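Enquirer: Provided herewith is a single structure, encoded as structure tokens, for subsequent inquiry.
The values are calculated or read from the model by the stated rules, or taken from the named source; none is laboratory data. Remember, it's a predicted structure, so these values are computed and weren't measured experimentally. Note that each Cβ is placed from the backbone with ideal geometry, even for glycine, and that neighbours are counted across all protein chains shown.
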Amino acid sequence: MTDLNEESENPGPEFEVWNHLYSAVDQAHYDMARMLSTESMHFWEALADHFLALRVGVLVESKAVATSEELSRIAPNVSDETWQRIVASLGPRPKEWNPWLRHAVELRIAEMGVHRAAGALERFARLRAAVITRPVPKNALDYMKEVVDAYLFGFDAACIALACCVFEQVAKLSLIAHGEATKRELEIRSTTAHGLRLRLRELGLLSESNELAKRLIGRRNTVMHRGLYDNSIMPQLSLDSVSDLIGVCLELEHLWPSS
């Protein structure tokens, strides 16, 4: 049985989880640094950065990789043929890649992952505060999972877009459950999110949360068709999308079949 007295006397762990994760990343960086020259290490790191920035071009097309200013500075005499061989060698199995390139790519991915994970706790706290009085309907949990994950790990544009996609799914489910449409009919008509909202409102199925649905659609349309919002407000807008989606689900959940 847990000794509560012992826990009350203990201030908690000596280090936060993130300290351990960052230490592991630092160790992986050190392993690379102690086995390679500074020049070689910078080369593989720059190449990994270039690949992860999605600037590979048409893979083996001439000069596709050498467009990186950093790579051109570090390795000014590498021929196009050499770049082509390096890029063409990257098959679908990382174990077959050059081990240092693989290590450099893994290191960058680990750094990105830890950075996003480190902010997830604060985002979780904000999410919990925003929705604590409005629990996610049981039948909506599967729909909501990826939306919430996108918010927690800072993929704000994806969260906003996914939230509207989930609205479309629950709207269709609601119309079908209410006997107002069939799955086939909705597929043939390719009804838009706006059209689904109007239909639900006209049927009296979406009243209290109609404005929430409008906001979900408006944010998605802005992100998808007009460009991203300013970075300073994206986190709040993605949180608002999660909260608004829960509000819509709460109004519609009584229509859905029991799980």
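Enquirer: Looking only at segment 98-111, how many residues end up being exposed (fewer than 13 other Cβ atoms within 10 Å of the Cβ) and either touching a helix residue (DSSP H, G or I) at 6+ places or on another chain (Cβ under 7 Å) or touching a residue at least 40 places away in the same chain (Cβ under 8 Å) (or both)?
Expert: 1
Enquirer: What number goes with the only condition from (1) part of a helix (DSSP H, G or I); (2) of a type outside the set (A, V, I, L, M); (3) in contact with a helix residue (DSSP H, G or I) (Cβ under 8 Å, 6 or more places away or on another chain) that His225 does not pass?
Expert: Condition not satisfied by His225: (3).
Enquirer: For Asn221, which of the numbered conditions (1) closer than 23 Å to Val148 by Cα; (2) over 22 Å from the mean Cα position of the chain (by Cα); (3) modelled with pLDDT of 90 or more fails to hold?
Expert: Among (1) closer than 23 Å to Val148 by Cα; (2) over 22 Å from the mean Cα position of the chain (by Cα); (3) modelled with pLDDT of 90 or more, the lone unmet condition for Asn221 is (2).
Enquirer: Please go through segment 229-254 and pick out each residue that is buried (at least 17 other Cβ atoms within 10 Å of the Cβ) and of a type in the set (A, V, I, L, M, F, W, C).
Expert: Met234, Leu237, Leu239, Val242, Leu245, Ile246, Val248, Cys249, Leu250, Leu252
Enquirer: Quick one: is Glu185 surrounded by 11 or more Cβ atoms within 10 Å (Cβ to Cβ), among the acidic types (Asp, Glu) and touching a residue at least 60 places away in the same chain (Cβ under 8 Å)? It would help to see each step written out before you state the result.
Expert: Numbers: surrounded by 11 or more Cβ atoms within 10 Å (Cβ to Cβ): yes; among the acidic types (Asp, Glu): yes; touching a residue at least 60 places away in the same chain (Cβ under 8 Å): no.
Considered against the rule, which asks whether it is surrounded by 11 or more Cβ atoms within 10 Å (Cβ to Cβ), among the acidic types (Asp, Glu) and touching a residue at least 60 places away in the same chain (Cβ under 8 Å), Glu185 comes out as no.
Enquirer: Let me ask something else. Could you count how many residues in segment 166-186 are more than 28 Å from the chain's Cα centre (by Cα), in a helix (DSSP H, G or I) and not charged (D, E, K, R)?
Expert: The number of residues fulfilling the criteria is 4.
Enquirer: Looking only at segment 201-214, count every residue that is crowded, with 19+ Cβ neighbours inside 10 Å and not in a loop (DSSP other than H, G, I, E, B) and tell me the total. Even if it seems obvious, please write down each step before you answer.
Expert: Here is the first cut: in segment 201-214, the residues crowded, with 19+ Cβ neighbours inside 10 Å are 205-206, 209, 212-213.
Going one step further and asking which of them are not in a loop (DSSP other than H, G, I, E, B), we end up with 212-213.
Going through segment 201-214 one residue at a time, the tally reaches 2.
Enquirer: Check Arg85, Arg116, Arg134 and return the single one that is farther than 17 Å from Pro235 by Cβ and touching a helix residue (DSSP H, G or I) at 6+ places or on another chain (Cβ under 9 Å).
Expert: Arg134
Enquirer: Going by the conditions given, is Leu205 out of contact with any Phe, Trp or Tyr (no Cβ under 7 Å at 6 or more places or on another chain) and touching a residue at least 40 places away in the same chain (Cβ under 8 Å)?
Expert: Details: out of contact with any Phe, Trp or Tyr (no Cβ under 7 Å at 6 or more places or on another chain): yes; touching a residue at least 40 places away in the same chain (Cβ under 8 Å): yes.
Against the criterion (out of contact with any Phe, Trp or Tyr (no Cβ under 7 Å at 6 or more places or on another chain) and touching a residue at least 40 places away in the same chain (Cβ under 8 Å)), Leu205 qualifies.
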